[in-house]
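The values are calculated or read from the model by the stated rules, or taken from the named source; none is laboratory data. These numbers come from a predicted model, not from an experiment. With ideal geometry, Cβ positions are generated from the backbone for all residues, glycine too; neighbour counts draw on all protein chains shown.
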Amino acid sequence: MTLYGVGLGPGEADLVTVRGKHVLEECDVVYSPGRLSRSVALEHVDESKIGDLDFPMTKDEEKLRAAWKEAAAEIAPNARDGDVAFVTLGDPNVYSTFGHLRRTIDAFHPAVELEIVPGVSAVTAFATAMGVEIEAGAGLSLREAAAGHSPTGPDRMILFKVTDAPATHEGLVEAGYDVTYGRRLFMEQGETLVTDDPAEIDERDYYTLAYAEKTDLEIESATAAFQTDDESGDASDGEPVADGGRNLGDEELVKIERAEGCAQGDCGGN
Ligand SMILES: C[S@@+](CC[C@H](N)C(=O)[O-])C[C@H]1O[C@@H](n2cnc3c(N)ncnc32)[C@H](O)[C@@H]1O
């Protein structure tokens with residue numbers, strides 16, 4: 001039997017994946033580490049299935065280890081007798097509490113089978129919510145910016161845990177970044193806000209992230225040229241890079257996939 005780590009997505013119940021929903025429905029117990037993940041899970045399972053776990057609000061490593069050991073001891077017998085799920089917002093492998101549970105289960109209950117169901121992470125949801133495109137070839141770095149920190153360096157960054165937006169903003173602008181903030185993106189609970197003005201979100205809310213991009217960044221996407229060079233819109237002179245939905249043999253598919261890769265600038269190996 002299995003312990004599933006299920007990513008619930010950013011917070012709206014219909015952004016749970018089809019697989020995630022099936023797993024929640026099939027599991028005997030669904031454990032949640034917080035109020036928000038619990039309320040999303042409750043859109044898909046009955047309250048009677050929700051398992052209780054206590055987590056202390058502490059950074060003390062000793063206390064945290066003890067709490068995870070206790071949680072694992074509660075979950076493991078149920079995961080041996082049946083299927084259980086541990087839910088997290090976003091994806092279970094991205095800045096998530098599930099990592100603590102996985103390591104503790106591996107250490108103390110190695111017989112428990114583990115499976116992860118990925119979720120829509122804030123790492124990708126932010127782009128849609130803010131109307132940002134991370135174009136092919138661009139780099140994107142993840143950083144934390146709790147307590148007013150302003151990490152700098154990469155051309156583009158997603159900053160998690162922005163708990164003091166005005167202080168973080170000051171450092172980022174000084175270092176030459178344009179910054180957009182997103183609060184409670186695709187979340188049912190609380191008000192969704194996207195803004196460039198840190199004063200609008202000076203009140204602390206853990207579910208706040210920022211996207212920072214170097215002000216002088218030059219975008220070199222082929223189709224960006226349409227906006228300036230080529231008004232005709234005639235794109236028929238290149239090699240085909242998509243199958244148009246036809247049924248194709250394996251060889252032809254491989255050729256098209258190579259062409260798609262080359263169109264993205266990835267002509268290297270296989
Ligand atoms: C511990 S991380 C969890 C990330 C999550 N596992 C994921 O994949 O999206 C929590 C941070 O992610 C960001 N975050 C997660 N969900 C968010 C949302 N719906 N709206 C805005 N920020 C979010 C916030 O910066 C928050 O402090």
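Within segment 121-160, take every residue that is within 15 Å of the ligand (Cβ to nearest atom) and of a type in the set (Val, Ile, Thr) and give me the one that is nearest to Leu172 (Cα to Cα).
Ile158
Results for (1) part of a loop (DSSP other than H, G, I, E, B); (2) within 16 Å of the ligand (Cβ to nearest atom); (3) at positive phi, shown as yes or no for each residue.
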position: Val23; (1), (2), (3): no, no, no
position: Val40; (1), (2), (3): no, yes, no
position: His44; (1), (2), (3): yes, no, no
position: Asp54; (1), (2), (3): yes, no, no
position: Lys59; (1), (2), (3): yes, yes, no
position: Lys63; (1), (2), (3): no, no, no
position: Trp68; (1), (2), (3): no, yes, no
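In segment 49-84, what count of residues is obtained for those that are among the hydrophobic types (A, V, I, L, M, F, W, C) and in contact with a helix residue (DSSP H, G or I) (Cβ under 6 Å, 6 or more places away or on another chain)?
5
Between residues in segment 161-185 that are in a helix (DSSP H, G or I) and residues that are small (Gly, Ala, Ser) and within 11 Å of the ligand (Cβ to nearest atom), which pairs lie under 6 Å by C-beta distance while being six or more apart or on different chains?
Thr168/Ala145
Cβ-Cβ below 6 Å, separation at least six or inter-chain, first residue in segment 189-200 and on the phi > 0 side of the Ramachandran plot, second in a loop (DSSP other than H, G, I, E, B) and of a type outside the set (Phe, Trp, Tyr): which pairs?
These pairs meet every condition: Gly190/Arg184.
For residues that are in contact with a Pro (Cβ under 8 Å, 6 or more places away or on another chain), more than 18 Å from Asn78 (Cβ to Cβ) and not in a loop (DSSP other than H, G, I, E, B), tally how many sit in segment 117-134.
Within segment 117-134, residues that are in contact with a Pro (Cβ under 8 Å, 6 or more places away or on another chain), more than 18 Å from Asn78 (Cβ to Cβ) and not in a loop (DSSP other than H, G, I, E, B) number 2.
Going residue by residue through segment 43-53, is there one that turns out to be acidic (Asp, Glu), modelled with pLDDT under 95 and within 23 Å of Arg143 (Cα to Cα)?
No, there is no match, as no residue in segment 43-53 is acidic (Asp, Glu), modelled with pLDDT under 95 and within 23 Å of Arg143 (Cα to Cα).
Quickly run through segment 187-213 and pick out the residues that are among the hydroxyl-bearing types (Ser, Thr, Tyr), assigned to a strand (DSSP E or B), within 10 Å of the ligand (Cβ to nearest atom) and farther than 15 Å from Ala145 by Cα.
Within segment 187-213, no residue meets the criteria.
Cβ-Cβ distance below 6 Å, separation of 6 or more or different chains: which pairs start in segment 84-100 with a residue that is under 16 Å from Val29 (Cβ atoms) and end on one that is within 6 Å of the ligand (Cβ to nearest atom) and not aromatic (Phe, Trp, Tyr)?
Hits for this filter: Thr88/Ser96; Phe98/Thr88.
Being outside any loop (DSSP other than H, G, I, E, B) and either within 13 Å of the chain's Cα centre (by Cα) or more than 18 Å from Ala66 (Cβ to Cβ) (or both) is the filter here, so list the residues in segment 87-104 that pass it.
Answer for segment 87-104, where residues must be outside any loop (DSSP other than H, G, I, E, B) and either within 13 Å of the chain's Cα centre (by Cα) or more than 18 Å from Ala66 (Cβ to Cβ) (or both): Val87, Thr88, Gly90, Phe98.
I'm trying to understand the selection: among the residues of segment 161-170, which are away from the ligand (no atom under 13 Å from the Cβ), of a type outside the set (A, V, I, L, M) and over 10 Å from Ala212 (Cβ atoms)?
If the condition is that a residue be away from the ligand (no atom under 13 Å from the Cβ), of a type outside the set (A, V, I, L, M) and over 10 Å from Ala212 (Cβ atoms), then Pro166, Glu170 are the ones that fit.
Return only the number of the condition from (1) hydrophobic (A, V, I, L, M, F, W, C); (2) crowded, with 17+ Cβ neighbours inside 10 Å; (3) within 25 Å of Glu188 (Cβ to Cβ) that Met57 does not satisfy.
All conditions pass for Met57, except number (2).
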